[in-house]
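One structure is given below, encoded as structure tokens.
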Amino acid sequence: MANTSDVLKRLIVEMYVGGLSQRDIEYGLESALGHFVLGKSTVSELSATLSEEYEAWRTRDLSQETVTYLFIDTVYEPLRRWGQKTGILCVWAICEDGRKVLMSLSTTNSESYESCVDVLRGLIKRGMRTPVTITTDGAGGLTKAIDAIWPKSLRIRCWFHTRQNFQQKVPARAWPEVKALLVDMRDAPSREKAEQRRDAIVEQYQREFPELCRCLLDDADASLNHLAVPQRHQQYVRTSNLVERAFVEERRRTKVIPHLWEEGDVVMLVVGVLIRVSERWSKKCFSAFEQQQIRSLREQLKLDEQEVSPGDISHPVQTRRSAASAA
């Protein structure tokens with residue numbers, strides 16, 4: 001690539017991130033240009049370009065992003081060199097004006113409390129403001145880290161994962177009836193109504209399906225906190241689908257190279273793909289009234305009053321506020 005123009009270099013990077021293997025790129029360019037284009041240094045130059053892009057993105061200032069709804073999840077990718085998988089902890093946000101922004105990506109071998117606190121602390125150091133809600137899949141280490149870093153935010157347990165867990169506790173023949181009641185609870189017009197419907201489900205099934213009732217009451221506030229946001233936004237925050245859809249795009253690319261060599265390769269590729277995904281996504285249309293509702297909820301939760309310094313956190317904080325207790 002020594003004699004290749006900067007435009008062609010950039011094109012090759014985009015082709016690679018877009019889903020073409022090095023061999024496909026080489027064949028395509030040779031067919032189009034009629035001569036050999038890629039030299040032995042292609043891979044290292046591609047990596048260097050993506051590495052520079054990642055470093056600039058990883059250290060960028062976040063203080064100007066009006067983060068409102070946060071979504072955190074992990075994707076696992078295989079590493080050929082070590083014969084095991086590594087996790088990529090992904091943090092997305094929907095801002096007050098409806099924009100969807102990829103905030104952070106970090107490698108992790110587990111969603112341990114220590115690893116997750118490290119990631120969240122890094123976001124704060126880069127100026128990210130406290131989110132109103134944080135949607136996760138309920139992993140223990142991650143939820144403890146969120147409770148420690150952002151005790152005033154409303155943590156939401158992803159309803160997609162929660163529903164899967166509920167379904168495992170109920171016989172297949174009984175599931176349609178139970179599912180209908182759970183959806184009715186999830187979509188209640190108010191927190192009070194949702195709690196009443198939850199209590200009715202427990203009363204009805206506590207003898208027949210005790211494990212279902214136990215799961216329903218476990219981390220109960222997090223299952224209903226989505227009801228605190230504007231009604232039209234509830235469908236956005238109650239699942240981590242925002243993150244999941246991004247992973248679908250990412251996995252389209254890693255299928256081309258199903259076993260990446262080492263951690264650096266994984267990070268460069270995943271970041272390259274997801275940054276481009278985030279640039280293509282259209283923003284949610286939040287009305288001026290909805291934005292005012294968000295600001296009122298921020299004020300109600302006192303999110304802009306710093307209580308805990310991230311540098312001082314070493315152990316999980318047990319206090320967790322629900323939308324009801326904040327009122």
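The values are calculated or read from the model by the stated rules, or taken from the named source; none is laboratory data. Computed from a predicted structure; not experimentally measured. Counting neighbours? That spans all protein chains shown, and the Cβs are built from the backbone with ideal geometry, glycine included.
A few comments on the model shown:
- Qualifying residue in segment 163-181 (condition: at pLDDT below 95, farther than 17 Å from E203 by Cα and in contact with an Asp or Glu (Cβ under 6 Å, 6 or more places away or on another chain)): no
- Within segment 121-136, tally of residues that are under 16 Å from D221 (Cβ atoms) and in a loop (DSSP other than H, G, I, E, B): 1
- Among the residues listed as L212, L182, the single one being in a helix (DSSP H, G or I), of a type in the set (A, V, I, L, M, F, W, C) and either under 26 Å from the mean Cα position of the chain (by Cα) or surrounded by fewer than 13 Cβ atoms within 10 Å (Cβ to Cβ) (or both): L182
- Picking from residues in segment 223-246 that are in a loop (DSSP other than H, G, I, E, B) and closer than 13 Å to T136 by Cα, the one that is modelled with the lowest pLDDT is S240.
- Every pair of residues 6+ apart whose Cβ atoms lie under 8 Å, when the first sits in segment 175-186 and is more than 17 Å from Q235 (Cα to Cα) and free of Cβ contacts under 8 Å to residues at least 12 places away in the same chain while the second is part of a helix (DSSP H, G or I) and not acidic (D, E): W175/Q167
- Residues that are under 22 Å from S240 (Cα atoms) and either among the basic types (K, R) or touching a Ser or Thr at 6+ places or on another chain (Cβ under 6 Å) (or both), drawn from segment 170-197: K179, R186, R191
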